[in-house]
Structure formats: structure tokens, C-alpha cells
1. Here is a check on your reading of the model: is ARG38 charged (D, E, K, R) and under 15 Å from ILE72 (Cβ atoms)?
2. Any residue in segment 50-62 that's touching a residue at least 24 places away in the same chain (Cβ under 8 Å): show its pairings with residues that are surrounded by fewer than 15 Cβ atoms within 10 Å (Cβ to Cβ) and basic (Lys, Arg) at Cβ separation under 6 Å, as long as the two are six or more apart or on different chains.
3. Among the listed residues GLY4, GLY54, GLY62, identify the single one that is touching an Asp or Glu at 6+ places or on another chain (Cβ under 7 Å) and either at pLDDT below 95 or of a type outside the set (D, E, K, R) (or both).
4. Out of the residues in segment 54-73 that are surrounded by 14 or more Cβ atoms within 10 Å (Cβ to Cβ) and of a type in the set (Ser, Thr, Tyr), which is farthest from GLY13 (Cα to Cα)?
5. Residues of segment 23-53 being surrounded by 17 or more Cβ atoms within 10 Å (Cβ to Cβ) and in a strand (DSSP E or B), which ones?
6. So, in segment 9-59, exactly how many residues are touching a helix residue (DSSP H, G or I) at 6+ places or on another chain (Cβ under 8 Å) and not small (Gly, Ala, Ser)?
7. Quick one: in segment 7-22, of everything that is buried (at least 16 other Cβ atoms within 10 Å of the Cβ) and farther than 19 Å from GLU70 by Cα, which residue is modelled with the highest pLDDT?
Amino acid sequence: DSDGTRLHYIDYGGAGQAIVLLAGLGGTAHIFRGLAPRLAGRFRVVALTRRGHGKSERPDRGYELDTLVEDIRR
């Protein structure tokens, strides 16, 4: 949850420094299904679906850059 908004993500696991994969506008965490497992050999990999897309909730507000940064941090 980020400010009460449920966000969909896929945790591909792995060890080491964390990498957050963020799809472009209209994309979802699933777009990284080919890349993420390869990165998980060296990094902890989490793919996030942005609010308003895919399986993430679609609130009426919270689409500005500051909110996106907070979504990623959580």
C-alpha cells in the first residue's frame, strides 16, 4: 500500500543490491518477465505496476511525480 492505494508488484527475488523495474506509461510489471529472472542472479529484483495500470488500483488522484517516488520507496 502507498497512501492507501494498493499497488501490484512482482518480487523476482535474488540477492544483492535492489533494482526496481518500472514499466512505461500503460505497461505493467509483467513486461519484465524475460529480463527480471536474468537480473535476479546478481540483484534483488522487484517489478512495479504503477497506480492506474494493470492490477494496481486506480485512485482519482496521486499521479504526480512526487507520489510516484513515494510509491517506489514503499
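The values are calculated or read from the model by the stated rules, or taken from the named source; none is laboratory data. Remember, predicted model here, so these are calculated numbers, not experimental data. Because the Cβ atoms are built from the backbone with ideal geometry, glycine has one as well, and the counts that use them run over all protein chains shown.
1. For ARG38, the condition - charged (D, E, K, R) and under 15 Å from ILE72 (Cβ atoms) - is not met.
2. Correct list of pairs: GLU57/ARG6.
3. GLY62
4. THR67
5. Passing the criteria: VAL45, VAL46, ALA47, LEU48.
6. Residues in segment 9-59 being touching a helix residue (DSSP H, G or I) at 6+ places or on another chain (Cβ under 8 Å) and not small (Gly, Ala, Ser): 12 in total.
7. Per the criteria, the residue is TYR12.
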